[in-house]
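Structure record follows, encoded as structure tokens.
The values are calculated or read from the model by the stated rules, or taken from the named source; none is laboratory data. Computed from a predicted model, the values in this text were never measured in an experiment. Please note: Cβ atoms are built from the backbone with ideal geometry, for glycine as well, and neighbour counts cover all protein chains shown. Ligands, DNA and RNA are excluded from the accessible area calculation, which covers all protein heavy atoms including side chains. Shrake-Rupley method; radii C 1.70, N 1.55, O 1.52, S 1.80 Å.
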Amino acid sequence: MRREMGEDRRVSEEQKRNTQEGCTGESNLRKAIQRISALISLSNSIKVFPVKWQLIRKKLDELNSGLTAAEKCDLGENSKFSELIPSIEKTLNDCYDLARRCVDLSYSGKLLMQSDLDVMCAKFELHIKKLAGIYTAGILTNALVVSKPSIGARRDDMKFYVRDLLTRLKIGDFEMKSQALVALNEIVCEDEKYVRIVIETGEIISLLVNFLEFPEIGIQEESAKAISVVAGFDTYRNLLVGAGIIAPLIRVLESGTDLGKERAVRALQKLTENSDNAWSVSAQGGVTALLKLCTSGNEKGGNIIVPACGVLRNLAGVEEIKRFMVEEGAVSCFIKLVRSKEEASQISAIELLQIIASGDESVRQMVIRGGGIQMLVLALDPKSSFSSKARETALRAIESLCFSSMSSLNILMNCGFLDQLLYFLRNSEVSVQELAVKVALRLCRTTEKTKKAMGDAGFMPELVRMLDMKSFEFREMAAEVLCNMVCIPRNRKIFVQEDTNIGRILQLLDPEEGKSGNKFLLSILMSLTSCNSTRRKIMKSSYVKNLEKLAEAEDIEAKRILRKLSTNRFRIILSGIWSS
């Protein structure tokens with residue numbers, strides 16, 4: 001019984017001693033934190049050796065973050081941590097002595113003081129590494145979790161929360177870092193005020209840059225996400241670039257996970273919206289990495305390819321980089337992407353082909369030789385499930401690329417393009433129809449052979465119908481296409497075979513209709529008057545009065561047409577008299 005009572009007393013005394021040591025440890029820790037704050041304040045008043053003291057202050061800030069985190073932990077019997085605190089206190093006392101001598105200018109020599117300050121900086125660095133080692137070993141993992149402030153919280157509470165996350169990012173193990181990054185992304189996506197606080201805190205950005213190089217995949221992916229969010233703010237983009245963010249992001253593109261690549265490329269897309277940053281991306285091998293991503297990216301889907309094309313589009317705004325993209329195989333890369341089953345990827349590739357070929361005949365020829373025209377015509381396939389936006393993009397590219405030479409025009413015509421263009425005039429949404437009219441106008445300005453092919457394909461009835469479109473601009477275009485087409489005798493014969501065509505042109509001359517301007521309509525009628533049978537059809541139409549009204553209003557072209565019609569009518573009367 002006595003032995004048991006003695007054993008209980010010994011255990012009780014040991015627990016009491018441990019409690020006292022824990023309290024002493026916590027007290028020493030609090031003193032060390034206060035000492036650091038006082039030393040930082042004192043160092044700000046030092047006028048000599050500013051660079052040295054700036055480095056020391058940075059180390060003091062890092063050490064302060066680590067020790068502050070330790071305050072939230074259950075120190076228990078952490079002997080390594082307990083041994084570290086006295087060593088830190090001694091270094092702080094030595095540093096305080098150096099600071100006093102710098103303030104009072106009482107040091108014996110500049111070189112000796114510079115050397116002492118270098119030694120001091122190295123000592124603080126060693127303490128920081130030891131503290132980080134303790135965290136990494138999991139000795140200080142029971143940190144109290146600071147609750148996320150509620151919506152509308154005071155700025156001080158938000159700053160305190162961010163500082164807590166910073167501490168965990170700096171000295172936590174992999175799991176703690178990952179949790180802190182997830183929490184960081186949650187707040188910066190939720191409220192842009194947190195983004196400003198993150199920037200003001202300073203160290204978080206440099207940590208995110210370093211985390212992109214981490215072997216732990218989750219940390220790399222979450223860091224790329226946070227950087228992408230911050231890069232969405234134009235004000236902070238130069239700060240990110242200055243922190244060295246470009247090279248690590250490109251390395252993620254080269255060797256990261258699909259999710260990491262997606263987040264990294266979205267960050268680069270936002271960063272390169274500032275044209276000044278384009279050179280930084282190109283200099284770090286970004287063009288090659290992005291093109292490789294697009295070339296091998298069909299299986300990865302549009303989540304990676306589309307933003308990658310977005311970065312390349314931003315880079316192509318710099319002429320020298322655009323030329324380098326071409327040298328690196330951009331043309332064949334984008335032509336291949338035009339075949340993509342992902343609509344967004346296809347649209348991005350078509351737009352990039354337009355951009356890199358714009359104003360450069362040699363690149364345009366590369367696109368043509370690489371089968372670009374055929375791919376664009378295939379993209380217009382009415383049987384495909386792509387939206388009208390994809391078809392509009394392809395039509396714009398065709399308009400941009402295919403009318404610079406006869407060879408490109410011949411390739412276009414031999415691909416069955418006329419049939420597809422006619423289909424869109426007949427069946428598409430208004431936006432596609434309007435673009436189709438624009439392309440038809442470009443076509444009918446080329447060769448007589450093309451105009452004949454358009455007439456044979458059945459363009460004219462559709463163009464007459466389009467004279468009723470809502471847009472005045474495109475009604476005028478449709479009228480101009482008809483005007484160009486009926487200049488060909490063969491097309492005039494096709495046009496007048498449908499009696500309603502002539503009547504509709506005359507009807508549209510009525511000022512009360514007000515649908516089209518008279519310039520091209522009158523030119524169409526003038527071309528048609530070259531045929532006797534057509535002149536008779538015009539004279540028989542109940543709408544010829546509209547032409548007469550225009551002539552009475554002193555319209556010169558209307559007068560010319562009526563004069564031609566009247567002369568023909570007089571000849572018919574004379575012919576009847578002579579034949580009797």
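Brief remarks on what is shown
- Of the candidates T235, T295, the single residue that is open to solvent by 10 Å² or more (accessible area, probe 1.4 Å) and over 22 Å from Q354 (Cβ atoms) is T235.
- Exclusive hit being part of a helix (DSSP H, G or I), within 18 Å of F495 (Cβ to Cβ) and out of contact with any Asp or Glu (no Cβ under 7 Å at 6 or more places or on another chain), set R536, R563: R536
- In region 206-225, the residue that is surrounded by the most Cβ atoms within 10 Å (Cβ to Cβ) out of those that are in contact (Cβ under 8 Å) with a residue 40 or more places away in the chain and of a type in the set (V, I, T) is I219.
- Filtering region 178-191 to residues that are assigned to a helix (DSSP H, G or I), out of contact with any Gly (no Cβ under 9 Å at 6 or more places or on another chain) and in contact (Cβ under 8 Å) with a residue 40 or more places away in the chain leaves L184, N185, V188, C189.
- Within region 553-575, the residues that satisfy the criterion of being within 19 Å of D510 (Cα to Cα), at pLDDT below 85 and surrounded by fewer than 16 Cβ atoms within 10 Å (Cβ to Cβ) are A553, E554.
Residue-wise test of (1) under 26 Å from I197 (Cβ atoms); (2) modelled with pLDDT under 90; (3) open to solvent by less than 20 Å² (accessible area, probe 1.4 Å).
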{"position": "K80", "(1), (2), (3)": "no, yes, no"}
{"position": "P86", "(1), (2), (3)": "no, no, no"}
{"position": "E89", "(1), (2), (3)": "no, no, no"}
{"position": "D104", "(1), (2), (3)": "no, no, no"}
{"position": "H127", "(1), (2), (3)": "no, no, yes"}
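- Of the helices (runs of 4 or more DSSP H) that lie entirely inside region 229-276, those containing 1 or more residues that are touching a residue at least 40 places away in the same chain (Cβ under 8 Å) and more than 17 Å from I199 (Cα to Cα) span 246-255, 258-271.
- Selection from region 238-269 of residues that are over 17 Å from the mean Cα position of the chain (by Cα), modelled with pLDDT of 95 or more and either within 16 Å of S296 (Cα to Cα) or open to solvent by 40 Å² or more (accessible area, probe 1.4 Å) (or both): R251, V252
- Selected residue (criterion: most open to solvent (accessible area, probe 1.4 Å)) from residues of region 317-362 that are assigned to a loop (DSSP other than H, G, I, E, B) and touching a Leu at 6+ places or on another chain (Cβ under 7 Å): E328
- Verdict on K159 being open to solvent by 70 Å² or more (accessible area, probe 1.4 Å), outside any helix (DSSP H, G or I) and modelled with pLDDT of 85 or more: no
- Residue within region 435-443 that is open to solvent by 20 Å² or more (accessible area, probe 1.4 Å) and over 21 Å from N532 (Cβ atoms) present: yes
- Counting only residues that are of a type outside the set (A, V, I, L, M, F, W, C) and open to solvent by less than 70 Å² (accessible area, probe 1.4 Å), region 107-125 holds 6 of them.
- Verdict on M485 being open to solvent by less than 20 Å² (accessible area, probe 1.4 Å), hydrophobic (A, V, I, L, M, F, W, C) and closer than 25 Å to A436 by Cβ: yes
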